[in-house]
Amino acid sequence: MILIIAVLTMGGLGLFFAIGLAIASKKLKVKEDPRVKKVMEILPMTNCGACGVPGCSTFAVGLVKGDIAINACVAGGQEVADLLAKALGIDSATSVRMLAVVLCRGGDKETRKFATYRGDKTCASADLTGGEKSCSYSCLGLSDCVVSCEFGAMEMNDNGLPVVFYDKCIGCGACAKACPRDIIEMHSESMKVFVYCKNKDKGPIAKKHCDVACIGCGLCVKDCNVEGGIVMKNNLAVINYESCPQDDSTTKRCPTKCILFDEEPKQIKEVFSSKAMKVASGS
Amino acid sequence: MNLKTFERGIHPSYHKGLTSENRIEKAELPKQVIIPLRQHLGAPSDVIVKKGDLVQEGQMIGEAGGYVSAPVHASINGKVKDVVLHTHPGGGKSLAVIIDGDGTEKDWGLVTPSLSILDKFTGEELKGAIGEAGIVGMGGAAFPTYVKLSPPKERKIDTVILNGCECEPYLTADHRLMVEQASKVIIGLEAIKRSIGASKIFIGIEDNKKDAVSTLNQAAKSLSIEVEIVILETKYPQGAEKMLIKAVTGQVVPVGKLPLEVGVLVNNVGTTVAIYDALALGKPLIERVVTISGNGIKTPRNLLLRVGTSFAEVIEQCGGVISPEALSDTDTPPELEILNGGPMMGVAQSTIQVPVIKGTSGITLLTGKEIKPKKYSPCIKCSSCVTVCPMGLIPLKIADMGRLGMIDDLKSWDAMACIECGCCSFVCPSKRPLVQWIRVGKVKLRELG
């Protein structure tokens, strides 16, 4: 008898709530824009935050509402922008592929190591005291950027500098934010000329600390045929990316080879990894 | 006898015996000085000399760059070699004036310490003279003294406390000043008291400096100035401003507020002597007493150094660095750690080409087993750090937030209240670099929040 009462009570309760839920799901249904789901299917769903909103679903809602531009998805690039435009039936816009550029070539071979850093092995901590290298503007080499990259697009090379993989980088900018010395910058793929140095010391001092430092000689500024294309700021050549001509006219005479044209290595991850493996195994 | 003190804190080994009996010696005149324009809290000074200018010792070379700022002065006679960005002992870079000396020095004269030197100043003039002399808090934080002495009108400061604790291990500069120049300290204190119209002077001294207590007592008696000397328990960080106030008067300074909130002004021993020099001789803050100590230096000394002398030159005057063979523990690598300050709060230097600045109370060189590399392990949630944090914070939490950059949490867990005393790292059984992470967090908070 007790057994039957228990079964009936539980069954009755179950039935009661089931009916309640069934009615609620019909009556209180929130209408979702079907386009949001469509957009979500196209988006890369990396939740990288490069577009400026917290995640891909927020992006989808914003895009459908018209708050976000069609080409705002950095990780997806042109391909996703076109697909989205097709799905929503609106005009596509050109999306610029952004890439992370490491603007320091002062690795362990080029700079002098003159102190031992024994604190916590992160760049953010090391930057508080100065790090190991004699150049106080250089890459600290403790790989905060590599840790921050969620796409496996960065690794440290055997010279103690981070490498960005051309095939993996989606341009989210997390590494640029993680770098305490602002060495990593985000630039559009069409940019070819970069000053690979952040040293603001005067020439002789900069030269003493690093073989490939900008010594502030001003040759690139003179060679630049566009007024204000490259300017000298605190003994450092700074490129104006809007007007500087993207060819080798400015880079040929650089004595330390710190301003370079088309020298981004465009590393492919698998190639790099297999090379690293070879070095590690000694073959 | 139960001595007054604050809650929590630690008892590190003090190693003060290395220098506590050494008289203050005048250092050799440096051939070149590097004078950073950022030697105080607040805005850096604006440089008013240029390359090639001839400057005199005591001449102003940088004007105060804002209200919370202080001027800087040339510390030797000579010629300005350059004005460049130079490595700063507090970390980072700062614009600095490099002066090549001509080997001469100015004679500032001698005055017998007496109260009559204060009589020619009114309260406002006292403040003005202190501001002009570029005097800042010389305990380390280097807060401009002029700003300290100018509280908002509605706040009345009635108590002046002299911070004679010097709780940082190894350092004895303040101790020696209290023993050797007690009357200057007392007159400097009286000047502070007069300039703000305070009614009471306390002197807080840890009970490991008994000789300073008697010399200060004598000096106060002979100058007939009423001071109350409070003997405090020897504990770290007794000399932290807020801890000292708690110990001496029992008042608690609210988080994020200055001591003037409770009507108290705390001053360092070095600062009072600098005030005396400025008033009696018209000499700006261009010299300070620095303790050079640690097991890495041949002859530990208390030196009266010019601001801008490079660490390299200072170390040379102390007989240089001890050779690793001389140390008994040969299993450790012959490495050296050079700190601007003491071992608890000092900043490790990556080069010895950095200058002594107004806030440099000591240079500590550590080697051998004192700096044996430590590998940190995971937090075991033992709460040792919580039981010693003098500010009553939860260091294990805040450190992790700092490491991971959790800005909102850092704010709500009062990371900014941390005084970076280092007690938490000192007691951590897992050897976690807690203060370093908290500092990273504070840097991020300042940038973004």
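The values are calculated or read from the model by the stated rules, or taken from the named source; none is laboratory data. Computed from a prediction, not measured in an experiment: that's the story for all the values here. Here the Cβ is made from the backbone with ideal geometry for all residues, glycine too, and neighbour counts use every protein chain on show. Surface accessibility is based on the protein's heavy atoms, side chains included, excluding ligands, DNA and RNA. Shrake-Rupley method; radii C 1.70, N 1.55, O 1.52, S 1.80 Å.
Structure summary
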quantity: Candidates A:ALA237, A:ALA178, filtered to the one that is touching a Cys at 6+ places or on another chain (Cβ under 7 Å) and surrounded by fewer than 22 Cβ atoms within 10 Å (Cβ to Cβ); calculated: A:ALA178
quantity: Residue, farthest from A:ASN157 (Cα to Cα), within region A:105-126, restricted to residues that are more than 8 Å from chain B (Cβ to nearest Cβ) and touching a Pro at 6+ places or on another chain (Cβ under 9 Å); calculated: A:ALA126
quantity: Among the candidates B:LEU110, B:LEU115, residue that is closer than 30 Å to B:PRO300 by Cα and of a type in the set (A, V, I, L, M); calculated: B:LEU110
quantity: Unmet criterion (only one of (1) hydrophobic (A, V, I, L, M, F, W, C); (2) open to solvent by less than 40 Å² (accessible area, probe 1.4 Å); (3) in the same structural domain as A:ASN71 (by TED's automatic domain parsing)) for A:CYS48; calculated: (2)
quantity: B:LEU434, sole failed condition from (1) on the phi < 0 side of the Ramachandran plot; (2) away from every other protein chain (no Cβ under 11 Å); (3) at pLDDT 90 or above; calculated: (2)
quantity: B:LYS369 vs. criteria over 30 Å from B:PRO36 (Cα atoms) and not assigned by TED's automatic domain parsing to the domain that holds B:CYS167; calculated: yes
quantity: Pairs where the first residue, in region B:296-321, is assigned by TED's automatic domain parsing to the domain that holds B:ALA173 and assigned to a helix (DSSP H, G or I) and the second is at pLDDT 90 or above and open to solvent by 10 Å² or more (accessible area, probe 1.4 Å), C-beta under 7 Å, 6+ apart; calculated: none
quantity: Every residue from region B:323-334 that is open to solvent by less than 50 Å² (accessible area, probe 1.4 Å) and either of a type in the set (A, V, I, L, M, F, W, C) or modelled with pLDDT of 90 or more (or both); calculated: B:LEU327
quantity: Single condition B:GLU420 does not satisfy, out of (1) under 30 Å from B:GLU316 (Cβ atoms); (2) within 14 Å of chain A (Cβ to nearest Cβ); (3) open to solvent by 20 Å² or more (accessible area, probe 1.4 Å); (4) touching a residue at least 60 places away in the same chain (Cβ under 8 Å); calculated: (1)
quantity: Condition met for B:GLU28 (of a type in the set (D, E, K, R), open to solvent by 30 Å² or more (accessible area, probe 1.4 Å) and over 23 Å from B:PHE143 (Cβ atoms)); calculated: yes
quantity: Flag for B:PRO113 being in contact with a helix residue (DSSP H, G or I) (Cβ under 8 Å, 6 or more places away or on another chain) and within 14 Å of chain A (Cβ to nearest Cβ); calculated: no
quantity: Residue list for region B:199-211, filter: touching a Leu at 6+ places or on another chain (Cβ under 9 Å) and open to solvent by less than 10 Å² (accessible area, probe 1.4 Å); calculated: B:ILE201, B:ILE203, B:GLY204, B:ILE205, B:GLU206
quantity: Unmet criterion (only one of (1) within 14 Å of chain B (Cβ to nearest Cβ); (2) more than 13 Å from the chain's Cα centre (by Cα); (3) not in a loop (DSSP other than H, G, I, E, B)) for A:ASP201; calculated: (3)
quantity: Verdict on B:GLU370 being within 14 Å of chain A (Cβ to nearest Cβ), open to solvent by 10 Å² or more (accessible area, probe 1.4 Å) and within 30 Å of B:GLY320 (Cβ to Cβ); calculated: yes
quantity: Candidates A:GLY66, A:GLY62, filtered to the one that is modelled with pLDDT of 85 or more and over 23 Å from A:CYS175 (Cα atoms); calculated: A:GLY62
quantity: Scan of region B:394-430 for residues that are in contact with a Phe, Trp or Tyr (Cβ under 6 Å, 6 or more places away or on another chain) and within 21 Å of B:LYS257 (Cα to Cα), ordered by number; calculated: B:ILE398
quantity: Considering residues of region A:74-111 that are in contact with a strand residue (DSSP E or B) (Cβ under 8 Å, 6 or more places away or on another chain), not small (Gly, Ala, Ser) and not in a loop (DSSP other than H, G, I, E, B) only, the residue nearest to A:LYS168 (Cα to Cα); calculated: A:LEU99
quantity: Residues located in region B:343-364, provided they are among the hydrophobic types (A, V, I, L, M, F, W, C) and touching a Ser or Thr at 6+ places or on another chain (Cβ under 8 Å); calculated: B:VAL347, B:ALA348, B:ILE352, B:VAL354, B:VAL356, B:ILE363
quantity: Lone qualifier among B:SER183, B:SER214, B:SER224 - being open to solvent by 50 Å² or more (accessible area, probe 1.4 Å) and assigned to a helix (DSSP H, G or I); calculated: B:SER214
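Residue by residue, here is whether (1) away from every other protein chain (no Cβ under 13 Å); (2) of a type in the set (D, E, K, R); (3) under 20 Å from B:GLY346 (Cα atoms); (4) surrounded by fewer than 23 Cβ atoms within 10 Å (Cβ to Cβ) holds:
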{"residue": "B:ASP408", "(1), (2), (3), (4)": "yes, yes, no, yes"}
{"residue": "B:ASP414", "(1), (2), (3), (4)": "yes, yes, no, yes"}
{"residue": "B:PHE426", "(1), (2), (3), (4)": "yes, no, yes, yes"}
{"residue": "B:LYS442", "(1), (2), (3), (4)": "no, yes, yes, yes"}
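One line per residue, one yes/no per condition, for (1) within 30 Å of B:GLU420 (Cβ to Cβ); (2) of a type in the set (S, T, N, Q); (3) open to solvent by less than 20 Å² (accessible area, probe 1.4 Å); (4) at pLDDT 85 or above:
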{"site": "A:ALA72", "(1), (2), (3), (4)": "no, no, no, no"}
{"site": "A:GLY77", "(1), (2), (3), (4)": "no, no, yes, no"}
{"site": "A:LEU83", "(1), (2), (3), (4)": "no, no, no, yes"}
{"site": "A:LEU88", "(1), (2), (3), (4)": "no, no, no, no"}
{"site": "A:SER92", "(1), (2), (3), (4)": "no, yes, no, no"}
{"site": "A:ALA126", "(1), (2), (3), (4)": "yes, no, yes, yes"}
{"site": "A:SER136", "(1), (2), (3), (4)": "yes, yes, no, no"}
